[in-house]
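J.: Attaching a single structure in structure tokens format; questions to follow.
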Amino acid sequence: MNRKVLYCLLGFLFCCIMAGAQEGQKNNLQQRADDELEKGNYINARALYILAYEKYADNGQFKQGVECGTKATALYYRENLYQEAFDLLRRIDQNVLANNSDLGCPAESLLYLTTKERMQMYMKMRRSASAMDQLNIMERQANTANDEALKNDLLYNKAIYYYTFGQNAQGNAVFKEMAAKLTASKEYDKVDEVYQTLINNGRKSGNANLVDQSYKSYMVWKDSVGALKVAEEINALKQQIADDEAAIAEKDSSLAARQAVIVGLGILAVVLAAVLVFGALVLLRYIHLTRKQKKLITMANENNALKAKFISNISAQLNPTLKKLDAGSPAVKALRDFSEHIQTLSELESSQEELQKEDTQIAQFCESLAEQVRGRVKGDVSVEVSAPKMSAKINKDYVSHILLHLLCNAAYYTPEGGRIALEFKKRSAHKVQFLVSDTGCGIPEEKQQDVFKAFLEVKDLSEGDGLGLPICKQMAVKMDGDLEVDPAYTRGTRFVLSLNV
């Protein structure tokens, strides 16, 4: 992800946090542009955004129009078409100023958006002085519009500017000011979300300086907020104590009131004593039940171990007999596969052996797996690989088994003209992910967790025994990782294999 796309994402996230959801319905052109952008068709998306801008402007919907125009601008200079980008921004500014009385909002609030795009272009071109000039213009526009959301966005963009050009002290000061504004209004969750967003996107973009400075500022802010919360709690307690003391002082004015307090305290003491006795009894019972539960858990673990060994022994004893039967019979083959899967699952559940990892060239490894399933797909289904040329320490046997099973399933369920993808993502210094996605029928949300559970339903073994994914899940866990269905993926099915390396 290049720096420009990162800044656009950060800007949109921050605006959503500070200003709420976008107002107004999208017109058809904007919706089509959004769809083309999501597909990666940037030229089509840019043309549609420009048409959407012109239609909005013709209808007097200038705010939506300017937003579409700035998106088109970003897609221009994404391709280094800076002249076209500047020309489009100039047209937008002229249109805004020409219709100043019909905007429905201060002109500066819309001009701020175009100025911000210019600033981001200059940052991409590494022209720090020009970018700073635009920041100064943005500050005047935000103050003239008297829009608090724009002022907060300005602080955010200042921080990005300073960190980008290595001015860490200024970046820390601006970010501290922004956090202080939100903290003063006790919007702690928003501040935390902004810091997390900045840190996460800095990691994704590989901007070590941004991550380092953001994390340091975040820790300082977190400590200060912790102290602030403690101080607030102490003040609240002090106020409560003061109120109680005032009430007692009032009642102390008469002997009768003091006697009532004494009687009340006596009753309270009795109640507290009863509560303590009751609590002690409950605690003793809890301790007793806990010991009993520990014994039951120990017995259950022992029984599970014996059960796994028993199942493994049965499977091992069945294998010689099954091998004597007609291997060409689908039923016999299904029984043999079922026996092997049971034995594999049992060994995985009972094994305590530590797995060995080896350095593996990821791009070559992924391509070899994809090549094994290309002959199994239907029609013109494409099998695509997206993996960087890097190495990672993995257990090749287990990872190969899991990915091949997922790719074969994808080949089976993906109809003609569909797409299968194998991707590799490095999420952090010690965490990687393999993603297998397809454009098949998908898995219903209510069944996404059940696919990893063995023996959940009675099945016709000739149609599969349902143990493939449970075995893959156990292998992932054995590698100190996990295998899950991505619930956010709606164009088919996506499995995510997460591993610690």
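The values are calculated or read from the model by the stated rules, or taken from the named source; none is laboratory data. This structure is a prediction, so every number in the text was calculated from the model and none was measured. Here Cβ is always computed from backbone atoms with ideal geometry, including for glycine, and neighbour counts include all displayed protein chains. For accessibility, only protein heavy atoms count, side chains too; no ligands or nucleic acids. Shrake-Rupley method; radii C 1.70, N 1.55, O 1.52, S 1.80 Å.
J.: When segment 63-100 is examined, which residues are found to be open to solvent by less than 20 Å² (accessible area, probe 1.4 Å) and in contact with a Cys (Cβ under 9 Å, 6 or more places away or on another chain)?
T.: Passing the criteria: only 74.
J.: Another question, if that's okay. Pull out all pairs, ordered by first then second residue, where Cβ-Cβ is under 6 Å, the residues are six or more apart or on different chains, the first lies in segment 431-457 and is closer than 29 Å to residue 380 by Cα, and the second is open to solvent by 100 Å² or more (accessible area, probe 1.4 Å) and in a loop (DSSP other than H, G, I, E, B).
T.: What qualifies is 439/491.
J.: Now for a separate question. Could you list, in sequence order, all residues of segment 101-113 that are within 16 Å of residue 147 (Cα to Cα) and either open to solvent by 20 Å² or more (accessible area, probe 1.4 Å) or part of a helix (DSSP H, G or I) (or both)?
T.: 104, 105, 106, 107, 108, 109, 110, 111, 112, 113
J.: Looking at 153, 102, 133, 192, which one is touching a helix residue (DSSP H, G or I) at 6+ places or on another chain (Cβ under 7 Å) and acidic (Asp, Glu)?
T.: The unique qualifying residue is 153.
Rundown of residues vs (1) open to solvent by 80 Å² or more (accessible area, probe 1.4 Å); (2) in a helix (DSSP H, G or I), yes/no style:
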| position | (1), (2) |
| --- | --- |
| 410 | no, yes |
| 465 | no, no |
| 469 | no, yes |
| 473 | no, yes |
| 484 | yes, no |
| 499 | no, no |
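J.: Go through segment 24-45 and give me each residue that's in contact with a helix residue (DSSP H, G or I) (Cβ under 7 Å, 6 or more places away or on another chain) and among the polar types (S, T, N, Q).
T.: Within segment 24-45, 27, 30, 44 qualify.
J.: Residue 374 is checked against (1) in contact with a strand residue (DSSP E or B) (Cβ under 7 Å, 6 or more places away or on another chain); (2) without any contact (Cβ under 8 Å) to a residue 60 or more places away in the chain; (3) not in a helix (DSSP H, G or I) and fails just one. What number does that condition carry?
T.: (3)
J.: When residues of segment 426-449 are filtered for being within 17 Å of residue 366 (Cβ to Cβ) and either in a helix (DSSP H, G or I) or open to solvent by 70 Å² or more (accessible area, probe 1.4 Å) (or both), how many remain?
T.: So the count comes out to 2.
J.: Follow-up question, since we're still on this one. Pairs needed: first member in segment 216-232, in contact (Cβ under 8 Å) with a residue 60 or more places away in the chain; second member anywhere, open to solvent by 90 Å² or more (accessible area, probe 1.4 Å) and not hydrophobic (A, V, I, L, M, F, W, C); C-beta distance under 8 Å; at least 6 residues apart or different chains.
T.: Hits for this filter: zero, empty list.
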